[in-house]
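The values are calculated or read from the model by the stated rules, or taken from the named source; none is laboratory data. Note that the coordinates shown come from a computational prediction; the quantities given were computed from them, not determined experimentally. FYI the Cβ positions are ideal-geometry reconstructions off the backbone, even for glycines, and counts take in every protein chain you see. We work out accessible area using only protein heavy atoms, side chains counted, and drop any ligands, DNA or RNA first. Shrake-Rupley method; radii C 1.70, N 1.55, O 1.52, S 1.80 Å.
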Amino acid sequence: MADLSVKVAGVTFNNPLIAASGTFGFGREYGEFYPLSTLGGISCKGITLKRRDGNPPPRIAETPSGILNAVGLQNPGVDVFIREDLPWLKQQGTVVIANIAGNTVDEYCQMAEKLSETDVDMIELNISCPNVKSGGVQFGTSCESVENITAAVRKSCKKPLIVKLSPNVTDIASIAQAAEAAGADAISMINTLTGMRIDIHTRRPIIRNNTGGLSGAAVFPVAVRMVWQVANAVKLPIIGMGGISTWEDAAEMLMAGATALQIGTVLFSDPYAPVKINEGLNRFLDENNMTSVTDLTKTVIPW
Amino acid sequence: MKYDVRQLPLLSNEEIAHGIFDMRLAYRQDDLPVACGQFAHVYVPSKTLRRPISVCDASDGELRLVYQVKGAGTQIMSQMQPGSMVDVLGPLGHGFQIEKGRRYCLIGGGIGVPPMLLTAKQCEDPLIITGFRSKSLVILQEDFKALGETLLCTDDGSAGQKGFVTDLLRERIGEIDEVCACGPTPMLKAVAAVCREYGKPCQVSLEERMGCGVGACLVCAVKVRKNGEEIMQHVCKNGPVFQAEEVVF
């Protein structure tokens, strides 16, 4: 039995698997399949300063080996999260990450301040949501804006700060460097790739928002490539995500440079995927006489 | 734990009307209690998303899912062979609330007809109205006849009366206490309007493109009015059955 625990920015996770924001709500539903301590951590549904109702449906479309979604950050607001969901989440024996999104830098800072006074374990800065009209990804697509918002939130944030990167950029390594320079404690990546599907009979986009974010197995090789590029550009720990569906994918993402992992879309077809991925990783480590999952991180031998 | 995924043996999977299949799975009610109006979230090999299929019937060791081939996923489902195992999450969601001592009118339109069968089994002497585009799509008539009075209509008059379910509902609404309906959104909207006009309560089963099936991913949103405020709820968790007067169509 290998040691599956990992440490990111001083926070210990019992295993490297974290539920990805937006696929897991605030944990209550998947807590009806297995104890949430099955997961190393939970990145909660993205929260905003005030309640948001999200986009009109349809909000999802299936794609080859993936899905497009455009939920539009439906959430009850940071205060309701702190009052009604966080106390319960903190009793589940898993690391709790609050994922925050805003329309302005000031909103991000206000939320970071509020959450710093709670016992949330980490804060994930969502500057990569492609499905809202203002805010979200607009903060995440240039080095200047990433540096600016990271530095501002850093001042308001007493918790370890993860910056979640968008893949919809020209050079993701330089974006990661900007976050590092501005005081981020970790990088999580990748958010979804912007995509679109059209119903050829109605000529209407399937998603009401016209475009959505692509996730699932289809984006996995893109995510591996980007994690590898960023791992070569920054010293920060990376939480790798994007289409991880099997334990082999998990091992591959760790080898590319990730210290921990987030999984999301796979849960929709197999809610038990975290259990299976952890079992597979453990077996792989044992078979290779490795004692810790951290021994896999950034062990790719590039040509 | 409230949710589980089970492998259920496929007993049969036959086409009962044009493009409409009747899948029967071996199942025990003790293991997997199911209420009328709930759905099964069916895993389709090679697909990223499960397919939510309403439960048509559950009895005698059989779970019955009647579905229409609409795309690649249901196409794969239609080719599943007896003897294979089907991966089912659920049954999920909140179904129809049926009370004793009330006379229900059950209305199904097209592929919204199947869940009304298990619902009819919970009702005393229901009035069952089903509507289809045309004769080639008519299903489950014999099953319904054993459970109550049935009225059939088609858009083109090729089977039953020519017209819409709402025409038949108007003729008979004086006889019933409450309506339960499942079908295309325009039909549900029309049924809800008739019920409002006559002051009859109405429950509607809604459909929306769905992800996780359990209320975590928030994609299958439906706007409802609660305490005078419009809020987003979700078909998979809060529904699929809603009180019609709460739905913002």
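Solvent-accessible surface of the range A:217-258, taken per residue with a 1.4 Å probe and all protein chains present: 34 Å². In this structure the range B:96-205 gives 42 Å² per residue of accessible area when probed at 1.4 Å with all protein chains present. Kirkwood hydrodynamic radius computed over chain A comes to 19.0 Å, based on all pairs of distinct alpha carbons. Taking the range B:36-70 and a reference point 7 angstrom along Cα→Cβ of residue B:30, the backbone N atoms nearer than 19 Å belong to B:58-63. Each of B:36, B:52, B:86 was scored by the projection of its Cα onto the charge dipole of the range B:5-92, and the greatest displacement toward the positive side belongs to B:52; charges sit on the C-beta of Lys, Arg, Asp and Glu. The range A:198-219 and the range A:108-178 have Cα centres spaced 26 Å apart. Centre-to-centre, using Cα atoms only, the range B:69-96 and the range B:213-249 are separated by 24 Å. For the protein assembly as shown, the carbon plus sulfur part of the accessible surface works out to 49%, probe radius 1.4 Å. In this simple spin-label approximation, residue A:90 and residue A:141 carry label points 7 Å from Cα along the Cα→Cβ vector, and these lie 3.8 nm apart. Checking every one of the GluC sites (Glu not before Pro) in the range A:105-207 against DSSP loop status and a limit of 15 other Cβ atoms within 10 Å picks out A:117. Buried area at the B:A interface is about 2600 square angstrom, summed over both chains, from accessible surfaces computed with a 1.4 angstrom probe. With Cα atoms defining each centre, the range A:229-303 and the range B:140-192 are spaced 54 Å apart in the structure. Counting only protein heavy atoms, probe 1.4 Å: which residues of the range B:21-49 lose 10 Å² or more of accessible surface in the full assembly compared with their chain by itself? At a threshold of 10 Å² (probe 1.4 Å), the residues of the range B:21-49 that become less exposed are B:43, B:47, B:48, B:49. So if we plug the beta-carbon distance of residue B:156 and residue B:79 into 1/(1 + (r/R0)^6) with R0 = 25 Å, what FRET efficiency do we get, rounded to 0.05? Once the sixth-power term is evaluated, E becomes 0.25. Equivalent ellipsoid of the range B:83-188: semi-axes from √(5λ) of the C-alpha gyration tensor, largest first, are 22, 19, 13 Å.
Solvent-accessible area per residue in the range B:5-92 equals 41 Å², computed with a 1.4 angstrom probe and all protein chains kept. Please name the residues of the range B:217-249 whose accessible area, counted over protein heavy atoms with a 1.4 angstrom probe, falls by no less than 40 Å² between the chain alone and the full protein assembly. Relative to the lone chain, where solvent access is computed with a 1.4 Å probe, the range B:217-249 loses at least 40 Å² at B:217, B:218, B:219, B:232. At a Förster distance of 60 Å, what's the computed FRET efficiency of residue B:227 paired with residue A:289, Cβ-Cβ distance as r, to 0.05? The computed FRET efficiency comes out at 0.45. Structural descriptor for the range B:207-249: relative contact order 37 percent, calculated from alpha carbon pairs under 8 angstrom and at least 6 residues apart.
In terms of Cα atoms, the Rg and Dmax of chain B work out to 17.3, 51 Å.
Let me know the charge dipole size of the range B:29-118 about its Cα centre in debye, to the nearest 20, where only the beta-carbon of Lys, Arg (+1) and Asp, Glu (-1) is charged.
The calculation lands at about 420 debye.
Given a 1.4 Å probe and the protein chains all in place, what does the accessible area of residue A:220 round to, in Å² to the nearest 10? It works out to around 20 Å².
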